[in-house]
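A.B. asks: Below you will find the structure I want to go over with you.
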Amino acid sequence: MLALVPLAWRSLTARRVRTLLTVIGIALGVGMLYASLATSLGIEQAVDRTVLEMIGRADLRVAAFEEQGLSEASVAAIRATPGVALAAPSLERRLYVRRAGGGTAAGPVTVLGIDPVLNPQVHDMPLVNGSAITSAGEPSALITERLAREDGYGIGSELTLQAAGEPMKIKIVGIVAGDGPINGAAGRTVIVAIGLAHKVFAATGVTRVDIRVVDGTSPTTVTAALTSRLTADPYVLSTPPDLEASLRATTADFQATLAMIAAVSLFVGAFLVFNTLSLTVIERSREVGLLRAAGATRLQVLWYVMSGAMVLGVLGSLLGLGTGAALGSLVGMGVQATGAAPYEQPRLSAETVAIAAWIGLFVTLVAALEPAWRATRITAIESLRLRIDPGSARRARLRWLVVIFVSVGAVGLLAWPRAAGDLMALRSLAVYGLLLVATILSPLFIAPLARIVGLPFVVLMRLDERLARGSLSRDRSRTALTMGALSVGLAMIVAIGGVAQEARATATAWLANVIPGDEIATSIRPVGLGEPVTVALKAIPGVGSVTPIATFDIAFRGVRLDAAAVVGADFLSDNRLSFEEGSRSDALNGLDTGGSAILARSTADRLGLRVGSTMAFTGGAGKALNLRVAGIVERSIPGRSGETVLVGWTDATGFFGIDGADFFAVRYLPGRQASTQGAFEDAARSLALEPATLNRVQGAVTDALGRVFGLFDALALIAVLIAALGIVNTLSMSVLERVRELGILRATGMTGRQVARMVMVEAGILGLVGSVIGIGTGLAAGAMMMGLGTGFRIAFEPPWLIMGLAVALGFLVSMAAAYYPARLASRISIIRAVQFE
Amino acid sequence: MPTILQARDLTKLYQPGMTSVDALRGVSLDIQEGEFVALMGPSGSGKSTLLQLLGGLDQPSSGDVILAGQQISRLSEDQATRLRRSETGFVFQFFNLIPLLDVTENIGLPFRIAGQNPNKGELKTRIADVIDLVDLKGKERHKPDQLSAGEQQRVAVARALVTRPAILFADEPTGNLDYHTGLELLDALWASCHDRGQTVVLVTHDSKAAAYADRVLVMNDGRIHDQIVLGRRETHETGPLIARLAQLGL
Ligand SMILES: Nc1ncnc2c1ncn2[C@@H]1O[C@H](COP(=O)(O)OP(=O)(O)OP(=O)(O)O)[C@@H](O)[C@H]1O
Ligand SMILES: [Mg+2]
């Protein structure tokens, strides 16, 4: 069975360039997969760690919304709530510590006051040294390893904490591993008993209460009970699943897109393997025929091809792990730089590494099956044929792509990031399926498209164009395979470009829709409405309106929301906001009279509120406010992490404690922008405001989006790179196959340069046809990516720039890929070509 | 008659790998304009090698070829290609045609390569003319795979002739054909030589084919072993040639 394996090895070494390129192609595909897995893992580990650090083993967390914290009454209410088994309060505040020997201040630390008995039941705090703290006896503290190292403390050292109360000398009894329990404290945390912390800060409130529910009780029931009891202070309630979900919500899209790009790269890599092995089988069919004539069995022939594939797969996958590790850290750096998702250097298990390698090998072998099977169909008579002509029986069968597609898809689903939900998986599959359909249908378009894109070449090089085009249409499925890989890569780039452009357009339109101004003047301190700033700005000739806006946080039913204080009348006269429900004028005027709120559609849906619903807010010290939902708008002013709840200034200052505006939206009189802008900006600066045009604000938003999509585009380039390797292989093969033909052309008087040019023209046409198909597919895929999940939106502005770039890229990549085959062609020996073998 | 082709002390050493083969060991010859010369000899005697050197497809290890007044060994690869394009025509045993192109396009190929449009004016007439000569009227639009082997070879001859080259080289053009088709091809070559004064150099194993020639050069072991002058004969009778070959022990 394995008798022919050494021959397979020889067949690989006989075409070193082809083998090398194929291995590189597999390596890039596997590398991309590995990088995607690693990045997803890095993101998930970061999310998991954040969740664990934040909540530990608690089932619920009630966090204070305001600085003074949750009152004793609230803590008592929590303890008394049915279903609450344990409620561990803690207090977290920052202060400066003095160095051990007295003397200079040594930077800020975070003081965490805990209940020494209850806290260990919800949070682990591994000690590297010393012992835990107790409430009784001498004041004692734990510090983090980092703080001990940075400030030179050890067990038994004394620490002086001074905040609101008397300076307090505390003895360090233990060192907590690493950076300690608080994320974002720069690793400098001092942990003391909560009673002690209250003394240090002369406070009574607690920052949060971590709750464990009674076994068998659902946290949801307890949540409901808590909501009805917690009426004294504003608070935010979170559960580990909530927290995880909110963290994951930001990462899901990112991970899904990354996974899809990896799947596409792998698919393109499989194209390459499939195409290369098909070519090799055609090229070796006479040899295989001879082997068959000499008595080789079909099984031996099968092994002959499969063992070659195995070598390619193993080498490619191994090289891919190296490539993937490098690529993975690049992507990781990209994720951190763009801030697209939380990320930490992933701890990769041997399993992840093995999965990537096995998938690479598996995909290679699946791609090899069809060529191998085709090789077994070669009969002994094949060896007697004079002409090597890819007969229809030996042509690469595009249908096999479906099998490869399904295999890669199945493998992709196995490795699908768990954070990216079913809808994302569906969307990616749909896009991925579209790419396949486009590839399978592309043979239909090759001939007509080649004729069209060949036109420019006709003018200059009629013969070259004719021969090149003919050679491309000779074996359409091979051309489709080669070009398909390129099209798929370019389609990804165009699709991502389309989505990016749409996202930017949406962001831009969003701001224009909700900001009643051409220019924004931002202040670093709240500007009170009583201050003369508004009046001063409005007095500038050419300025039409100036409206103050403040954004802030509010807590509603235990949920943190973004809110904005606005002057409703200004929005009314400037005709901003698109109302979906409620009367525009009533709602906006209602804001100014107080007691009303306007919600964005997404917020209303999330909270289950409608026009006429009442939102009940609790302030500190038993204050309460009811706001009636007066209107629902398509989009509202963007806040820190979502769209804002719009409230009037009366409620903002009276109840939510807002001192003044963060920014002013300024509208110029019609046609006066150019003449007024300079004067306005000078005036704004003299009032300590930072002016920025709406365009610039929009620019900052779209830049951030651009960076994330740029990362994706860069990754999609890898698919194009793999496709380029396929082009090199196919063109070289097509040159070798046409040795006789090229020999005749040379004997008839074609110079080496002319032959090379002909191959370049072939590549040029291939690249252009590939680009055209890729762009078409990419636009459809882009529409699909945007459409699925948000309702179909087929009509979007085509990303002209990216499309132009895709054409240029397709053309240039093909031309670059043609360099080697063209050189090969120009060096064909006429004599060898016309000799009978 | 003027000499159109001259070879002086041609040697060719092939060095495939470790071994080396003396394919030609000093060949000199002169071919006059309008002559029909046949090269015969046993397999491996160097006929094809000689033809390739004479036609500028390859460079000799030493010695000179002077074709239409130009010393081929002095030319660059591109210059040699251009000389080949304008002054020579080749017909090989196999694979003479580009499968993608039809008969007319295949014949017009040398013009295309030279950057001329073969569908216009004089070139168009010339193509029609050679199609006529090789008796392929009515098959202008056929692709090579729609032609018989003999017709394919005649297309190759037509293409070799269409540029009106100084000399036409044919390496066993009938080797792949049956008796009758072979004769048709030879008749076409003869017609070009006899009616139009085309110089022809034909490599063959077949005395029937060689009998069309004015002169037969017999090669052996890389040298011209003998020369048999037959003179121009309309009948192409093989008797005298076979008798001489028998004398030479071939
Ligand atoms: N490319 C090559 N490399 C090495 N040796 C070669 C090469 N081409 C020809 N030879 C050798 O040179 C010698 C002459 O070959 P050539 O093809 O000229 O013979 P021929 O007379 O045309 O034979 P045939 O009648 O079989 O066509 C032979 O020994 C052959 O093996
Ligand atoms: Mg020969």
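A.B. asks: How much mean residue ellipticity at 222 nm does chain A get from its helices, if each DSSP H run of length 4 or more adds -39500 (n - 2.57) and you divide by all residues, to the nearest 500 deg cm²/dmol?
C.D. replies: -20000 deg cm²/dmol
A.B. asks: Taking the dipole about the Cα centre of chain A, with the C-beta of Lys and Arg at +1 and of Asp and Glu at -1, give me whichever of A:Leu426, A:Phe267, A:Ala503 is farthest to the positive side.
C.D. replies: Farthest towards the positive pole: A:Phe267.
A.B. asks: For the stretch A:656-720, take the alpha-carbon Rg, divide it by the Kirkwood Rh, and send me Rg/Rh.
C.D. replies: Here the Rg-to-Rh quotient is 1.22.
A.B. asks: Now for a separate question. Please identify the DSSP H helices in chain A that span no less than 30 Å along the helix axis (Cα) and have a mean Kyte-Doolittle hydropathy of 0.5 or more.
C.D. replies: Length and hydropathy pass: A:16-55, A:240-283, A:298-338, A:350-376, A:422-460, A:476-514, A:694-737, A:752-787, A:800-826.
A.B. asks: Within straight cross-link reach of B:Lys12, meaning Cα distance under 13 Å, which aspartates and glutamates are found once same-chain residues fewer than 8 apart are removed?
C.D. replies: B:Asp22, B:Asp58, B:Asp64, B:Asp221
A.B. asks: For peptide B:109-116, compute the average count of partner chain beta-carbon atoms within 10 Å of each residue's beta-carbon.
C.D. replies: Taking all residues of B:109-116 together, the mean is 5.
A.B. asks: Find the Rg to Rh ratio for the stretch A:179-276, where Rh is the Kirkwood radius over alpha-carbon pairs and Rg uses the same atoms.
C.D. replies: 1.24
A.B. asks: How would you rank A:Val807, A:Val813, A:Val494, A:Val353, going from fewest to most other Cβ atoms within 10 Å of each one's own Cβ?
C.D. replies: A:Val353, A:Val807, A:Val813, A:Val494
A.B. asks: So if I place +1 on the C-beta of Lys and Arg and -1 on the C-beta of Asp and Glu, and nothing else carries charge, what would the dipole magnitude of the stretch B:29-155 be about its Cα centre? I want it in debye, nearest 20.
C.D. replies: The dipole of the stretch B:29-155 has a size of about 340 debye.
A.B. asks: What base-10 log of the normalised intensity I(q)/I(0) is obtained for the stretch A:507-614 from the Debye formula, alpha carbons as equal point scatterers, at q = 0.11, 0.13 Å⁻¹?
C.D. replies: -0.40, -0.57
A.B. asks: Nearest 5 percent is fine: what portion of the DSSP beta bridges confined to the stretch A:576-631 is antiparallel?
C.D. replies: Antiparallel bridges make up about 60 percent of those DSSP assigns within the stretch A:576-631.
A.B. asks: Can you tell me the order of B:133-139, A:516-522 when each peptide is scored by its average per-residue count of other Cβ atoms within 10 angstrom, highest first?
C.D. replies: A:516-522, B:133-139
A.B. asks: Let me ask something else about it. Assigning unit charges at the beta carbon (Lys, Arg +1; Asp, Glu -1) and nothing else, what dipole magnitude in debye, to the nearest 20, does the protein assembly as shown show about its Cα centre? The partial results should precede the final answer.
C.D. replies: Numbers: 98 positive and 93 negative charges, 438 e Å.
Result for the protein assembly as shown is approximately 2100 debye, rounded to the nearest 20.
A.B. asks: Then there's this: Give me D for the stretch A:513-698 in µm² s⁻¹, whole number, from Stokes-Einstein with Rh from the Kirkwood sum over alpha-carbon pairs, 10 °C and 1.306 mPa s. Before the final figure, lay out each step's value.
C.D. replies: On the way: Rh = 16.7 Å.
Once the numbers are plugged in, D ends up at 95 µm²/s.
A.B. asks: Also, quick follow-up: When you look at the Cβ of every residue in A:749-756, what mean number of other chain Cβ atoms sits within 10 Å?
C.D. replies: 6
A.B. asks: A follow-up question, please. How do A:Trp510, A:Trp649 rank when sorted from fewest to most other Cβ atoms within 10 Å of their own Cβ?
C.D. replies: The fewest-first ordering by Cβ neighbours comes to A:Trp510, A:Trp649.
A.B. asks: Just for the protein assembly as shown, what percent of DSSP beta bridges are antiparallel, to the closest 5?
C.D. replies: Looking only at bridges with both residues in the protein assembly as shown, the antiparallel portion is about 70 percent.
A.B. asks: As a test of the formula, what do you get for chain B when each DSSP H run with n ≥ 4 contributes -39,500 (n - 2.57) and the sum is divided by the residue count, at 222 nm and rounded to the nearest 500 deg cm²/dmol?
C.D. replies: -11000 deg cm²/dmol
A.B. asks: Most exposed first by the Cβ proxy, i.e. fewest other Cβ within 10 Å, how do A:Thr221, A:Thr508 rank?
C.D. replies: Fewest-to-most Cβ neighbours within 10 Å comes out as A:Thr221, A:Thr508.
A.B. asks: For chain B, go through all pairs of different Cα atoms, get the mean of 1/r, take its inverse, and jot down that Kirkwood value in Å.
C.D. replies: Roughly 18.5 Å, rounded to one decimal.
A.B. asks: Just want to confirm a number: the relative contact order over the stretch A:513-698, from Cα pairs under 8 angstrom separated by 6+ residues, in percent.
C.D. replies: Relative contact order, the stretch A:513-698: 37 percent.
A.B. asks: Could you name the aspartates and glutamates whose alpha carbon sits less than 20 Å from that of B:Lys137, not counting residues in the same chain fewer than 8 places away?
C.D. replies: Within the straight-line cut-off, B:Lys137 pairs with B:Asp102, B:Glu105, B:Glu122, B:Asp129, B:Asp145, B:Glu151, B:Glu184, B:Asp187, B:Asp195.
A.B. asks: Could you list log10 I(q)/I(0) for the protein assembly as shown at q = 0.05, 0.06, 0.10 Å⁻¹, which the Debye formula gives when each Cα is one point scatterer?
C.D. replies: -0.53, -0.68, -1.24
A.B. asks: Normalising by the residue count of chain B, find the relative contact order in percent from Cα pairs under 8 Å and 6+ residues apart.
C.D. replies: 26 percent
A.B. asks: Sticking with this structure for a sec: What percent do you get for the relative contact order of the stretch A:60-238 when only Cα pairs under 8 Å and 6+ apart count?
C.D. replies: The normalised contact order for the stretch A:60-238 reaches 39 percent.
A.B. asks: Rounded, prolate or oblate: which fits the stretch B:42-155 when a ≥ b ≥ c are the square roots of the eigenvalues of the alpha-carbon gyration tensor, with rounded for a/c under 1.5 and prolate only if a/b beats b/c? Mind showing how you got there, number by number?
C.D. replies: Working: a/c = 2.61, a/b = 1.53, b/c = 1.70.
Oblate, since a/c reaches 1.5 and b/c is not below a/b.
A.B. asks: Of all the C-alpha pairs in the stretch A:217-264, what % are more than 13 Å from each other?
C.D. replies: 69 percent
A.B. asks: Along the charge dipole of the stretch A:60-238, Cβ charges K/R +1 and D/E -1, which of A:Leu127, A:Gln68, A:Ala148 sits furthest on the positive end?
C.D. replies: Comparing the listed Cα positions along the dipole, A:Ala148 ranks first.
A.B. asks: Largest first, please: the extent of the C-alpha atoms of the stretch A:60-238 along each principal axis, to the nearest Å.
C.D. replies: 51, 31, 30
A.B. asks: Now for a separate question. Distances over 18 Å make up what percent of all Cα-Cα pairs in the stretch A:105-200?
C.D. replies: Working: 1728 of 4560 pairs.
The answer is 38 percent, as a whole percent.
A.B. asks: Loop only per DSSP, at most 13 neighbouring Cβ atoms within 10 Å: give me the trypsin sites (Lys or Arg not before Pro) in the stretch A:265-353, ordered by residue number. Intermediate results must be reported in sequence, preceding the final value.
C.D. replies: Details: sites: A:Arg284, A:Arg286, A:Arg292, A:Arg298, A:Arg347; in loops: A:Arg284, A:Arg347.
When the trypsin sites (Lys or Arg not before Pro) of the stretch A:265-353 are filtered for loop state and at most 13 Cβ neighbours within 10 Å, A:Arg347 remain.
A.B. asks: Work out the mean other chain Cβ neighbour count within 10 Å for the residues of A:818-830 and drop it here as an integer.
C.D. replies: Counting Cβ atoms of other protein chains within 10 Å of each residue's Cβ and averaging gives 1.
A.B. asks: Add +1 for every Lys or Arg and -1 for every Asp or Glu among the other residues with Cβ under 11 Å from the Cβ of A:Thr693, and state the total.
C.D. replies: Taking every Cβ under 11 Å from that of A:Thr693, the sum is -2.
Where a number appears in this text, it was derived from the coordinates with a stated rule and is not lab data. Bear in mind that the values here come from a model prediction, so they are computed numbers and not experimental data. For neighbour counting, all protein chains shown are included, and Cβ atoms are generated from backbone atoms with ideal geometry for every residue, glycine included.
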